[in-house]
Structures are given as C-alpha cells and as structure tokens.
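Peer 1: After the structure tokens below, expect a handful of questions from me.
The values are calculated or read from the model by the stated rules, or taken from the named source; none is laboratory data. What you are looking at is a predicted structure, and each value in this text was computed from that prediction instead of being measured. Cβ placement follows ideal geometry from the backbone for every residue including glycine, while neighbour counts extend to all protein chains displayed. For the accessible areas, the whole protein counts, side chains as well, though only heavy atoms, and no ligand, DNA or RNA atoms are used. Shrake-Rupley method; radii C 1.70, N 1.55, O 1.52, S 1.80 Å.
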Amino acid sequence: MNISEFINRQEFFEEAFFKNFIVVLFGIIISCINSSLVYTFFKNPVLAQEPRYILYMQLIINDIITLSVSVILFMFVYLLPKINVAICCVFIFIGSSVYKNTPLNLAGMAIERFVAVCYPLHHARICTVQNTKILIGIIWLVGAVPAVVDLLVVIILRPLSFFTSSRKCYHRNVFDFEYNIISHAVFNIGYMCLVWVLLFYTYFKVLFSAKAAASEPAQAQKARRTILLHGVQLLLCTLSLFTAVLDGALTSFFPYYRSIIYFCTFLLTSILPRLLSPLIYGMRDQKFKKYMKSSLMCGYKRAIDPSD
C-alpha cells in the first residue's frame, strides 16, 4: 500500500466516522425529545381523551420509527454496504410506510383544527376518540399500500434466489422494475398534492372564519400558526421527493463536494424534520407543556428519592 492510498483510506475513515457520529447524535437527541413527549402522553390519561393530542402522538411515534429506520439504513451504507435483500425489504417496507404516514397525519391534524375553529358546535361529535383511532388505522392502511404494491411486484417477478442475495439497501436498487419506479413517484406526488390542497383549504377557511367571527380570535390565530407549521413540515417532506434532483443540481456546480452535498441533503430532508414535531405542541401548546413539566419533574424526583 503506497502513502497516497493510505491517506485516502484514512480520510475516508475520518469522514465516515464524522458523518455517522453526527447522524447518530442527532438521532439520539431527537429520539430522547420525542420519547419524553410519548412518556408525557401515556403518563397523563387526560391527554388521551383529546383527538388532537392522539393525532399528535401518532405523528411523534411515526417520527421515531422514521428516524430509527433512516439512521439504521445510513449506518448500513458504511458498516454493511451489501445486506440480505429480504432484510433490506423489511426496512424499506417499514420506512416507506411511515414516510407516507407523515403527510397523511399532517392532513388529519389540520382538518381537526379546521373543524375546531370553523365548526366548534360539531367538533365534539365529529372529532371523537373513536373516530380518531379509526382515522389513524386508515392512515396506516393507506400509507402501506404503495409499499405492499412494490413488494408484491418484486415477489411475483423475481425468483426466490433474489431474496437470498445481497445488495446495497436503498429503494431503487431493490425495487428496480420500471413499474416500481413509476408507481413510487406517482404515489409520492399524489399524496403530497392531496395534502397540500387540504392544508391550503383548511388554512384559508380558518383565516376567513376568524375574520368573520369576533369570538375566540386567539384560538383561530393559534390554529393558523399550527397549520402553517404543518406546512413547513410538509415542505420538507416534499423536498425529500426532489432530493435526487437537488443533489444532481448542486453536484454539477460543486463536483468535488459530492459526498458533503449528499450528507447535508440527507440531514435536511430525513433527520431534521423529525425535530419540528416537538415544536408544534410540546413547546407551543401550554396544556401539553404543563403536563410535560409535571411528568418529567415527577420522574426526576422519583429518580433522586426512590422512597417517595
């Protein structure tokens, strides 16, 4: 091995270590924050009686799963460049399903706020706990449809030996039929367009409702801000659909920074958006914040003095 080759390998190791360290660190921090929100929710049964908090917790749990799969697949790139296709299919199936759940869940949360502001007298009848649980079931079912279709196509068209082989684990490398690629793009764009329409509709309905009615302007203003934050989340989700285009455009201008560009766009579209969910309710909602402080302080005191 000559000196230049040794230096290249050393640089690769240092870069790989730095990237994995940053991704794992962000993953742990965001997961700890989200886990504290989940703990607060289940620690206080009163929160489980309000549909908006149930939907919010569904979003948080979905974010935890999405983040975990993203971090694991990122680490596989460096630790296990090629893994068993069957195992890879499981990770991609889970990751694809929870990814689709995010925009659908945002739409459900926006509609709940829309009903609360525009139809307050019907809110208790429409947005019940039972209906919310049914909606969550529908979200998971609809979100899993594209992944099920992709998996069925591969099972039907590929020999069984394909699932015992090893490949790099990313969607287009495993589900590489033209139908898979086209259906993947169609489902993603279709879901995003549907949710964008719902967000715009609910936002402007809440805006006009607040101007028309003098009662509870603060609630309408808060609902508009919440829907706007959902829009920011959805914007980052939409941006992830065009990651390949963004990567290609940036690397054409900065070809020597290809690896850094890929890493930054991964952080921007797959990791950091998971940090926005705690800000919507965990940091802004006064009721949830109150219960969160109470639950965490209670747990801290018990950790210090077990006899209490």
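Peer 1: Residue 38 - would you say it is out of contact with any Ser or Thr (no Cβ under 9 Å at 6 or more places or on another chain) and over 21 Å from residue 193 (Cα atoms)?
Peer 2: Criteria met by residue 38.
Peer 1: Now a separate question. Scan the stretch 235-257 and report the pairs whose first residue is open to solvent by 30 Å² or more (accessible area, probe 1.4 Å) and whose second residue is not hydroxyl-bearing (Ser, Thr, Tyr), with Cβ atoms within less than 6 Å and a gap of 6+ or a chain change.
Peer 2: Correct list of pairs: 236/273; 241/188; 250/261.
Peer 1: With open to solvent by less than 20 Å² (accessible area, probe 1.4 Å), in contact (Cβ under 8 Å) with a residue 12 or more places away in the chain, of a type in the set (A, V, I, L, M) and touching a strand residue (DSSP E or B) at 6+ places or on another chain (Cβ under 6 Å) as the only criterion, which of 69, 85, 98, 115 stands out?
Peer 2: Of the residues listed, the single one that is open to solvent by less than 20 Å² (accessible area, probe 1.4 Å), in contact (Cβ under 8 Å) with a residue 12 or more places away in the chain, of a type in the set (A, V, I, L, M) and touching a strand residue (DSSP E or B) at 6+ places or on another chain (Cβ under 6 Å) is 85.
Peer 1: Taking the options 26, 93, name whichever one is open to solvent by 60 Å² or more (accessible area, probe 1.4 Å), farther than 26 Å from residue 292 by Cβ, part of a helix (DSSP H, G or I) and not aliphatic (A, V, I, L, M).
Peer 2: That would be 93, the only listed residue that is open to solvent by 60 Å² or more (accessible area, probe 1.4 Å), farther than 26 Å from residue 292 by Cβ, part of a helix (DSSP H, G or I) and not aliphatic (A, V, I, L, M).
Peer 1: For the stretch 155-171, how many residues meet the condition of being in contact with a helix residue (DSSP H, G or I) (Cβ under 9 Å, 6 or more places away or on another chain) and β-branched (Val, Ile, Thr)?
Peer 2: Residues meeting the conditions: 2.
Peer 1: Would you point out which residue out of 78, 99, 39 is over 24 Å from residue 264 (Cα atoms) and of a type outside the set (S, T, N, Q)?
Peer 2: Only one candidate passes the filter, namely 39.
Peer 1: Looking at 179, 203, which is the one that is farther than 21 Å from residue 60 by Cβ and either assigned to a loop (DSSP other than H, G, I, E, B) or in contact (Cβ under 8 Å) with a residue 60 or more places away in the chain (or both)?
Peer 2: After ruling out the rest, the residue left standing is 203.
Peer 1: Related question: So, of the residues in the stretch 223-234 that are open to solvent by less than 20 Å² (accessible area, probe 1.4 Å) and among the aliphatic types (A, V, I, L, M), which turns out to be nearest to the chain's Cα centre (by Cα)? Let's see the steps before the verdict.
Peer 2: Going residue by residue through the stretch 223-234, those that are open to solvent by less than 20 Å² (accessible area, probe 1.4 Å) are 223, 226-227, 230-231, 233-234.
Still in the running and among the aliphatic types (A, V, I, L, M): 223, 227, 234.
Details: 223: 21, 227: 16, 234: 10 Å.
Looking at the filtered set, the residue picked out is 234.
Peer 1: Let me confirm something: among 273, 306, which residue is modelled with pLDDT of 75 or more and either of a type outside the set (S, T, N, Q) or buried (at least 16 other Cβ atoms within 10 Å of the Cβ) (or both)?
Peer 2: Being modelled with pLDDT of 75 or more and either of a type outside the set (S, T, N, Q) or buried (at least 16 other Cβ atoms within 10 Å of the Cβ) (or both) holds for just one of 273, 306, which is 273.
Peer 1: A further question on this structure: Considering every residue within the stretch 130-140, establish whether at least one is at pLDDT below 90 and either of a type in the set (Phe, Trp, Tyr) or in a helix (DSSP H, G or I) (or both).
Peer 2: no
Peer 1: Filter the stretch 182-210 for residues that are among the aliphatic types (A, V, I, L, M) and open to solvent by less than 60 Å² (accessible area, probe 1.4 Å); which is farthest from residue 73 (Cα to Cα)?
Peer 2: Out of the qualifying residues, it is 210.
Peer 1: Which pairs do you get when a residue that is touching a residue at least 60 places away in the same chain (Cβ under 8 Å) and under 22 Å from residue 47 (Cβ atoms), found in the stretch 128-145, comes within reach of a residue that is outside any helix (DSSP H, G or I) and hydroxyl-bearing (Ser, Thr, Tyr), reach meaning Cβ atoms under 9 angstrom, with the pair 6+ apart or on two chains?
Peer 2: Between residues of the stretch 128-145 that are touching a residue at least 60 places away in the same chain (Cβ under 8 Å) and under 22 Å from residue 47 (Cβ atoms) and residues that are outside any helix (DSSP H, G or I) and hydroxyl-bearing (Ser, Thr, Tyr), there is no close pair.
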